[in-house]
Amino acid sequence: MDRILKITLAFTALLFLILAARLYELSIAGSDKLKQSSFNKRNIIASINAPRGKILTSDGTVIAESTGNPKKKRYYPFGQKMAHLTGYYSTRYGASGAELTFSRVLSVNYAELFWNTVPPEPGNIRLSIDKNLQLKAYSLLRHKGALAAVDVKTGKVICLVSYPSFDPNNIDRDFEKIRKNPDAPLLNRATAGIYPPGSTIKILTLAAYLEEGGNLNDTFKAPPVYRIGGFRITNYDKHDFGTITLDDAFKYSVNTVFAQLGLELGAGKMKSYMLKSGFGKKTGIELEEKSGHLPENLNDPINLAWSSVGQADLSVTPLQILMLVQAVANDGLLLHPTILADTPPDPIERIFTVETAKKMREAMRKVVTEGTGKKANSIVVKTAGKTGTAEVEGNKPHAWFVGFAPYENPEIAAVVVLENAGTGGEKAAPIFRQLIDYYFSR
Amino acid sequence: MRSVELLLLLLVISAAFPGFYVAAPGKLFYLLAVNLPFFLLYLFHLIFVKKANQFILPVVALLTNFGFLNLLQINEKYFFNQLKNLYLALLLCFLFLVVFMRAKNIFHYKFTLGLIALILFLLPLIFGREIYGARLWVSLASFSFQPSELGRLFFLLFLAGYFGEHHILLKRESELPLDIRFAYLVPALFMSVFSLLLLIFVKDLGFSLLILSIFLITLYIATENNVYVLMSTGIFLIGAYLSYNLFQHVKNRIDIWLNPWSDPFGKSYQILQSFFAYAEGGITGTGLGYGFPGLLPAAHTDMVLPIWAESTGFLGALLMLASIFLLSLLLYYEAGHARNPALKIYIAGTSFSLFFQTFLVASGTMGILPLTGLTIPFVSYGGSSLTASLLMVESALLFSGKRNRWIVS
């Protein structure tokens, strides 16, 4: 074979290798993501005319089932109120939520049908959702945002609401309209909404500082404006606190003190605590989820300082902040969140020591009794938490509140985010309190 | 005796048996009907080309079995139509081979062959009817066929004949001044540009790309000069840029390729379904008949590879692609032993054309390149493609070998 044929052959071989590599990528390396795509009708088509399993809440109430004969239709008794949990299921538009994640459990397994003569039964899925709390949460959240709560000892999600919602019963009729709605009702804001954490990040900054040997009664200067290079970090309303202790700075959410904390800890420590707490990556919950972004270039002091008070380019999902507080309430042990009722608790790691977690709970209690979060103070049960007010350029800030209850022996943690609603203490804290009141007064 | 060929053909049958057993249990004659033509071709080889390569036909048989198994899981109707196509292709193939043999040196008639190619490219423009937005098909009585498939075979015969005669003048070492060398290029260039324009006119993008690549590869093998190839590639890129801006359907295809997730239930529906089929296959596939070919538009023509990949997995799809690559390798080997330049160019051109069309279709379904409506040789549904592919391979076999009686030069 002469030189020219060898070159042609080599070129042909190159084309073959390109095909093989891409085939590997599609069929093996990247196949999980494609299989789970909400546009992939395989997730729903297997059971168009076959019965599909039910989705239940923790008490066994049906929230999604197949009705109609012989042509099956998916029915959601609670419609919009549980839409971001059940998701939708459509032969035209695919599936979302639990319908998508657990599609292969809920549908009849056709591979099994091949080997067995008796048609297999579809599986049911029982969620960890507390039905009544979920309905209460839905009625409380009347503003664009998210509200969710977990059991701090198990990581099980007990309610999860995103507003605005959609009715999965009419998905075939309304899909295009819903998809084009600028308020994005399909977006699950609790798990896939990305927000600057605002002052709720101070939980992480403070805990990191305590872990590194700091104390709640260490004192700091708290001027109205703190200058780094040519940039300034200011307190809310430019308030001057003089010299204050750290727990007061946390209580009143003093930016200028927390900027100093972050700078003292340094970029490496801040970043490592963010990573440890699960920021910048998915929590692994069984719903559509985003990972958020870790701040870039923390070595720049101004970025580090802004990140320590929850602004700059750090962004998180409400669920990530909720799980941070779950760890605080659970003596520092961070768990994997889940929406399944019957899975055992799945610990990730102890991100803070028991002592740090205890000090953090004290500090968060004071936020509610004396600080910015007084509207979260309940007469039913002792609550604790942290407010957040994330500045948004050219609009009202996002209001955050994240906390847990009861203070002495925590059971549940909850998070509230309201987009462009105002301050966390004014807008988000009352919603948290009403949810907790309902939970403990039943 | 060509016992290696016979043995390998029997091996192909026994390998295909479990597949047919799963896809059409109790219908053993499906397997026999699909494989009988290859034993007829074996007999033909035995009589006329005793010394020809014995590995090529078994690879073709293997690919054909893959193709029929795939059609069986898509729709039994396609399976039977394609079975008819197979026997028709066999008949036509024998017919053409006899003509080629009678001609003694087919390349002698290069300009006639070129004219036939042009006429075949022109037919759809006059009698064509539009299917899938492109005017590719010609109907004769109850038959409809795609003349460009056969056209490319004649085009390749023409180029091989022409370059085989003039290749010394066109080479870099040639003493001729540049303008005269270029003058010698003109007839081939004219034919190619004209063919390209015709195909672009009937919106047959895949085929224009294939014709262009056939022109380039034969030019390269004949002249051993990469300047021509680089120049032509440059012209192609300019052409592609112009068509992107001039033709809406080209722009659509390219936009879908660049943003496959942009319109999941509209324009990019097909390409996403293809991705999903690959993903569903995993390593070993869902098993024949347990995929969802119904989800893929044009499943039996453009989308055969993702459907095959869904049911047989990464391994099955890789085996199919590797078989075509092997076929190409065997033909390159034969080209290396060809007796004269025209034969070398023809056989190597055949090899490249068969693999490159596979590459274009496969990469289209995988999102490497925009989707083009071409076929995978011996695997995709369609009689014209099957006839052309079979004839290309068989004529290459006929022309190969040091001592064959069919080319007198």
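The values are calculated or read from the model by the stated rules, or taken from the named source; none is laboratory data. A quick note: this is a predicted structure, and the numbers were derived from the prediction, not measured. Cβ placement follows ideal geometry from the backbone for every residue including glycine, while neighbour counts extend to all protein chains displayed.
Whether a residue is surrounded by fewer than 22 Cβ atoms within 10 Å (Cβ to Cβ) and facing chain A (nearest Cβ under 9 Å) was assessed, and B:Ile324 does not pass this test.
Scanning the range B:246-264 turns up no residue that is at the interface with chain A (Cβ under 9 Å from one of its Cβ atoms), over 28 Å from B:Gly349 (Cα atoms) and touching an Asp or Glu at 6+ places or on another chain (Cβ under 6 Å).
In this entry, B:Ile347 passes the filter for residues that are within 13 Å of B:Ile217 (Cα to Cα), in contact (Cβ under 8 Å) with a residue 24 or more places away in the chain and buried (at least 21 other Cβ atoms within 10 Å of the Cβ). Going through the range A:414-427 one residue at a time, which ones are farther than 22 Å from A:Lys131 by Cα and either of a type in the set (A, V, I, L, M) or touching a His at 6+ places or on another chain (Cβ under 7 Å) (or both)? Correct list: A:Leu418, A:Glu419, A:Asn420, A:Ala421. For B:Ala338, state whether it is crowded, with 19+ Cβ neighbours inside 10 Å, small (Gly, Ala, Ser), in contact with a Lys or Arg (Cβ under 9 Å, 6 or more places away or on another chain) and within 11 Å of another protein chain (Cβ to nearest Cβ). So B:Ala338 fits the description; yes.
This table checks each residue for (1) within 14 Å of another protein chain (Cβ to nearest Cβ); (2) crowded, with 18+ Cβ neighbours inside 10 Å; (3) at pLDDT 85 or above; (4) assigned to a helix (DSSP H, G or I).
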| position | (1), (2), (3), (4) |
| --- | --- |
| B:Leu176 | no, no, no, no |
| B:Arg181 | no, yes, no, yes |
| B:Val193 | no, no, no, yes |
| B:Lys203 | no, yes, no, no |
| B:Ile211 | no, yes, yes, yes |
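In a helix (DSSP H, G or I), in contact (Cβ under 8 Å) with a residue 24 or more places away in the chain and surrounded by fewer than 19 Cβ atoms within 10 Å (Cβ to Cβ): does that describe B:Trp308? So B:Trp308 does not fit the description; no. Just one of the listed residues (B:Leu315, B:Leu343, B:Leu327) is among the hydrophobic types (A, V, I, L, M, F, W, C), within 30 Å of B:Ser268 (Cβ to Cβ) and out of contact with any His (no Cβ under 8 Å at 6 or more places or on another chain), and it is B:Leu315. Here B:Pro297, B:Pro370 are screened, and the one residue that is modelled with pLDDT under 95, farther than 25 Å from B:Phe121 by Cβ and away from chain A (no Cβ under 11 Å) is B:Pro297.
Scoring B:Pro147 on the criteria (1) at pLDDT 80 or above; (2) out of contact with any strand residue (DSSP E or B) (no Cβ under 7 Å at 6 or more places or on another chain) leaves a single failure, condition (2). Among the residues making up the range B:103-124, a single one is at pLDDT below 85 and exposed (fewer than 14 other Cβ atoms within 10 Å of the Cβ): B:Lys104.
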